[in-house]
Amino acid sequence: MTRSMLGVLVVAAWLHAGVASAQVVELLPNLEPFSASDIVLVSGANGLELRFSTTSWNKGAGPMELVGGAIIQDGTPDNPGLREVWQQIYRSDGTIRKELVGQFEYHGGTHNHFHLEDYATYTLIPVSQGVGSVGEKVSFCLLDNIKVNTHLPNAAKRPVYTTCNPDIQGISVGFGDIYRYYLDGQSLPFGDNPSGDYLIKIQTNPNANLFESNYSDNVACTRVRVNREEMTVAVVGTSCAIATATITDIVDNFIRAGSSKPVVIHGSGFVSGMNVSFENGSGKVPVAGNVTVLSSDTITATISVASGGSTSDPVWDLRVGDALLPNAFTVTR
């Protein structure tokens, strides 16, 4: 064998080994919900209920693609029945793996299209009092109807999944699916619960029926302060932690109207996402910005107050999460 022939064989073997060692990877989706938004307290057919919008998006390496399969149950013109749902998982070599993941069911009312059953769950959790309630597992039609981050690798540049038919649905990489608060199923019963703080917890893919690259980011929470007498809802945080906070003091506890200043708040039980606000004073309300939880006992923030307003009660209570420090902060003129 000549030296040149040996060289060819060595190169060929090296190339073969390189190809063989290249792993085929699955381009799995990764679903993540956003915290509830557009939250309102309304009087429904069965009493008070919290209505809200939800968005889940795909930040994975491949699309969440669902295709309809065999008919499970024959339907009628008004209700076309049930069909199998298969998830198509794309691979880096262009092949596809298919897995049976659930069923499509036709939903009427304000939807009038096919939904994937058990896509999410909604839970109302009282922070200090009241009775929690778990909403029905929520079904969704999966669509690309909101652009979130199309700079991700493999992200679609424009919507791919645009119809709610039983043949194909999905969420492309970088896109999300938003369901508005006025649609059927976008609510939790509030019932006879008292005014107070509650968590609205949203979990996508609660039974892990859908194949994802990461299941640890499938939960999002919104902490709300509900006043049932005034029928109002205020968002006070986005942490899922239910911690009982205490406030010891606020350093530099005064400010001149029409200015801003940095402050430090001391206490305990502080967690990321806690809201800092002021209440029970008069005039322009102090507003906390750049809120940073440095540790469980220290928060920094920048407090701003606009000019003008009443001067009858310039002393404000400070609220951090569910903790209240009375007469904590004074606005001078």
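Report, by chain and number, residues whose modeled amide H sits under 5 Å from the one on residue 281, excluding near sequence neighbours (fewer than 5 apart, same chain).
Excluding prolines and chain starts, which carry no amide H, the hits are 317.
Mind pulling the angle between the C-alpha long axis of helix 3-21 and the longest principal axis of the chain? Nearest 10 degrees, somewhere in 0 to 90.
50 degrees
Rounded to the nearest 500, what is the chain's calculated 222 nm mean residue ellipticity when only DSSP H runs of at least 4 contribute -39500 (n - 2.57) each, over all residues? Intermediate values should be presented prior to the final figure.
Working: 1 runs with 19 residues, N = 333.
So the helix-based figure for the chain works out to -2000 deg cm²/dmol.
Can you pull the one-decimal nm distance between simple spin-label points at residue 260 and residue 117, each 7 Å off the Cα toward Cβ?
Placing both labels 7 Å beyond Cα along the Cβ direction yields 5.2 nm.
Once you have all Cα-Cα distances for the chain, histogram them in 10 Å bins from zero and send the whole-percent values.
In order of increasing distance, the bins hold 5, 20, 23, 20, 14, 9, 5, 2, 1, 0, 0 percent.
GNM on the chain, C-alpha springs below 10 Å: top fluctuator among 127, 287, 219?
Comparing 127, 287, 219 in a Gaussian network model of the chain, the most mobile one is 287.
Checking the cross-link filter: which aspartates and glutamates have an alpha carbon closer than 20 Å to that of residue 284, excluding same-chain neighbours under 8 positions apart?
Within the straight-line cut-off, residue 284 pairs with 252, 313, 317.
Among 255, 242, which comes first, second and so on when ranked by fewest other beta-carbon atoms within 10 Å?
Numbers: 255 20, 242 16.
Neighbour counts put them in this order, fewest first: 242, 255.
Set Lys and Arg Cβ to +1 and Asp and Glu Cβ to -1, take the dipole of the chain about its Cα centre, and tell me which of 265, 200, 45 lies farthest positive.
The one lying farthest along the dipole's positive direction is 265.
Based on Cβ point charges of +1 for Lys and Arg and -1 for Asp and Glu, what charge dipole magnitude is obtained for the chain about its Cα centre, in debye rounded to the nearest 20? If you can, show how the numbers build up before the last one.
Working: 21 positive and 31 negative charges, 239 e Å.
Taking the Cα centre of the chain as origin, the dipole is about 1140 debye.
Of 98/147; 157/201; 59/157; 98/201, which pairs sit farther than 23 Å apart, going by alpha carbon to alpha carbon? Before the final figure, lay out each step's value.
Working: 98/147 26 Å; 157/201 31 Å; 59/157 14 Å; 98/201 31 Å.
From the list (98/147; 157/201; 59/157; 98/201), the Cα-Cα distance tops 23 Å for 98/147; 157/201; 98/201.
What ranking of 251, 233 emerges when the number of other C-beta atoms within 10 Å of each C-beta is taken as an exposure proxy, fewest first? Each step should come with its number before you reach the end.
Details: 251 10, 233 23.
Going from least to most buried by this count: 251, 233.
Roughly how big is the range 246-332's charge dipole about its Cα centre, with Cβ charges of +1 (Lys, Arg) and -1 (Asp, Glu), in debye to the nearest 20? Walk me through the intermediate numbers first.
Working: 4 positive and 7 negative charges, 59 e Å.
With only Lys, Arg, Asp and Glu charged at Cβ, the dipole is about 280 debye.
With a/c under 1.5 counting as rounded, go ahead and sort the range 246-332 into rounded, prolate or oblate using the C-alpha gyration tensor (a ≥ b ≥ c being the square roots of the eigenvalues; past the cut-off, prolate if a/b is larger than b/c, else oblate).
Note, shape of the range 246-332 comes out prolate.
Arrange the following residues from fewest to most other Cβ atoms within 10 Å of their Cβ: 274, 64.
Numbers: 274 23, 64 29.
So the ranking, lowest neighbour count to highest, is 274, 64.
Bear in mind these aren't lab numbers, they're just calculated from the coordinates by the rules spelled out. All figures in this text were calculated on a predicted structure; none of them were measured in a lab. Neighbour counts are summed over all protein chains in view; Cβ atoms, including those assigned to glycine, are modelled from backbone coordinates with ideal geometry.
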